[in-house]
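J.: One structure, pasted below without further comment.
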Amino acid sequence: MIVTFAHMGNLWIVVKTILEDLGVEVVVPPRPSRKSLDLGVRHSPEFACFPLKLNIGDFIGGLERGAEAVVMVGGVGPCRLGHYAQVQEQILRDLGYRCEMIVLEPPRGRLAELLAKVRYLTGNKPLGRVWRAVRFGLEKLSALDTLDQALARARPLERRPGRVEDVHRRAVEAVAGAADVRAVRRAAAEGVRAIEGCVTPEAAGDGAAVLRVGLVGEIYMVEEPFANQELERRLGRLGVEVRRAVYLSDWVRTHLLPNPFRLRRRCRASLVRRAAAPYLGHFVGGEGLVSVGESVLLSREGYDGVIHVAPFTCMPEIVASSLLPEVSRDLGVPVMSLFLDEHTAEAGLVTRLEAFVDLLARRRAALGAGVRPPAARGTAGAGT
Ligand code: SF4
């Protein structure tokens, strides 16, 4: 059985690693692009979630390259994620694809159910073998998150614009190609050193003057640069260090692993719930609750501002965005919500980002704190 799946940031590297390690033949679809988006938009209901449309484009790309089955992560309500898999399967059937859909549902502590599907997928490999492959995949995922965090710190301070992106890409390739845990760790450590080497010592001394923004929102939009129109790169060019509220390794540990393996994340999760409680006291689907709780935590941690990103019509994030102005007022932290879809124009997004960063810089200056001068920063549109 030849398997394909959808992209979401660096997740493809991990899925490919795990499946190939278990002897499954994999077809990686082309990276999300205007072409795959157009395909997804053409074949999906108009008001389907933006990530669903991009996933359909990816699945078609994989199936056209010879895949016989599609693997996807399922979800639970109350939002549309609860029937995402069925809608996607029907769309592919209507298009004439006779593929198998294998949906890996969040186990909510029931690892056996998830592993049973993984075993089916891998031709009944022993669970110990499956677990070894998953652990190796998670090692790569943590390494990739570490590289992304190093990139986010270096971007606003790099000596030659764009160089750090190349260095980061090579480091990601090294991690992707690493054959064992030791090689993964070595590639990650060398990658972080190379990324840090792109920053001049004088600029590194400027670190405290860099504006810091927290990125919260729907997980796909936070993680997939094509979907969020390269938000992190644009903000980096504007001299801003971006920290995602949730990195992929956190998300996988929270949603796909049983409790004993995600203790650290659970601590953060309960902090997030407590922080959100004055504004939102229950789960509303997706990352709605996390967006509110993390916005509170990030502002307490001294971030200059919060950017909230979500797909147009995303129910959980609409709930979050209606509460974030109150968070902003109470904690005095600027928050900007961006709802994006296939119609979002680059010029409008660039203007909003530049205005928001300008506001953050003025606010920091008004508070009497150091901030890098505009001349040391670039524009949100450059080189993307
Ligand atoms: S979280 Fe938002 S984008 Fe994701 S399935 Fe639910 S409604 Fe759609």
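J.: Output yes when any residue across the range 131-142 is of a type in the set (A, V, I, L, M), modelled with pLDDT of 95 or more and either over 18 Å from the mean Cα position of the chain (by Cα) or away from the ligand (no atom under 16 Å from the Cβ) (or both), and no when none is.
T.: Yes, the range 131-142 contains a residue that is of a type in the set (A, V, I, L, M), modelled with pLDDT of 95 or more and either over 18 Å from the mean Cα position of the chain (by Cα) or away from the ligand (no atom under 16 Å from the Cβ) (or both).
J.: Could you tell me whether any residue of the range 28-43 is over 25 Å from E173 (Cα atoms), more than 20 Å from the chain's Cα centre (by Cα) and buried (at least 20 other Cβ atoms within 10 Å of the Cβ)?
T.: yes
J.: Still on this model: Taking the residues in the range 47-72 that are in contact with a strand residue (DSSP E or B) (Cβ under 8 Å, 6 or more places away or on another chain) and within 11 Å of the ligand (Cβ to nearest atom) as candidates, determine which candidate is farthest from E223 (Cα to Cα).
T.: Here the answer is C49.
J.: Kindly indicate which of L54, L39 is part of a helix (DSSP H, G or I), aliphatic (A, V, I, L, M), farther than 13 Å from C99 by Cβ and free of Cβ contacts under 8 Å to residues at least 60 places away in the same chain.
T.: Sole residue among the options that is part of a helix (DSSP H, G or I), aliphatic (A, V, I, L, M), farther than 13 Å from C99 by Cβ and free of Cβ contacts under 8 Å to residues at least 60 places away in the same chain: L39.
J.: If a residue must be in a helix (DSSP H, G or I), within 11 Å of the ligand (Cβ to nearest atom) and β-branched (V, I, T), how many such residues does the range 73-96 contain?
T.: Going through the range 73-96 one residue at a time, the tally reaches 1.
J.: Looking at the range 20-36, can you tell me whether even one residue there is out of contact with any helix residue (DSSP H, G or I) (no Cβ under 7 Å at 6 or more places or on another chain), among the hydroxyl-bearing types (S, T, Y) and more than 11 Å from the ligand (Cβ to nearest atom)?
T.: There is at least one residue in the range 20-36 that is out of contact with any helix residue (DSSP H, G or I) (no Cβ under 7 Å at 6 or more places or on another chain), among the hydroxyl-bearing types (S, T, Y) and more than 11 Å from the ligand (Cβ to nearest atom).
J.: Please tell me if Y120 is of a type in the set (S, T, Y), assigned to a helix (DSSP H, G or I) and within 16 Å of the ligand (Cβ to nearest atom).
T.: no
J.: Starting from the range 118-129, take each residue that is at pLDDT 85 or above and list its partners that are basic (K, R) and in a helix (DSSP H, G or I), counting only C-beta distances under 8 angstrom and pairs at least six apart or across chains.
T.: If the second residue must be basic (K, R) and in a helix (DSSP H, G or I), the pairs left are K125/R119.
J.: Next up: Is it fair to say A209 is aliphatic (A, V, I, L, M) and either over 18 Å from the mean Cα position of the chain (by Cα) or within 16 Å of the ligand (Cβ to nearest atom) (or both)?
T.: yes
J.: Looking only at residues in the range 1-36 that are part of a strand (DSSP E or B) and in contact with a Phe, Trp or Tyr (Cβ under 9 Å, 6 or more places away or on another chain), which one is nearest to A345 (Cα to Cα)?
T.: This residue is F5.
J.: Follow-up. Within the range 280-300, take every residue that is more than 10 Å from the ligand (Cβ to nearest atom), surrounded by 19 or more Cβ atoms within 10 Å (Cβ to Cβ) and not aliphatic (A, V, I, L, M) and give me the one that is nearest to the chain's Cα centre (by Cα).
T.: Only one residue fits best here, namely S291.
J.: Filter the range 301-333 for residues that are assigned to a helix (DSSP H, G or I) and of a type in the set (A, V, I, L, M, F, W, C); which is nearest to the ligand (Cβ to nearest atom)?
T.: M315
The values are calculated or read from the model by the stated rules, or taken from the named source; none is laboratory data. Bear in mind the structure is a predicted one, so any value in this text is a computation, not a measurement. So basically every Cβ, Gly included, is an ideal-geometry build from the backbone, and we count neighbours across all protein chains shown.
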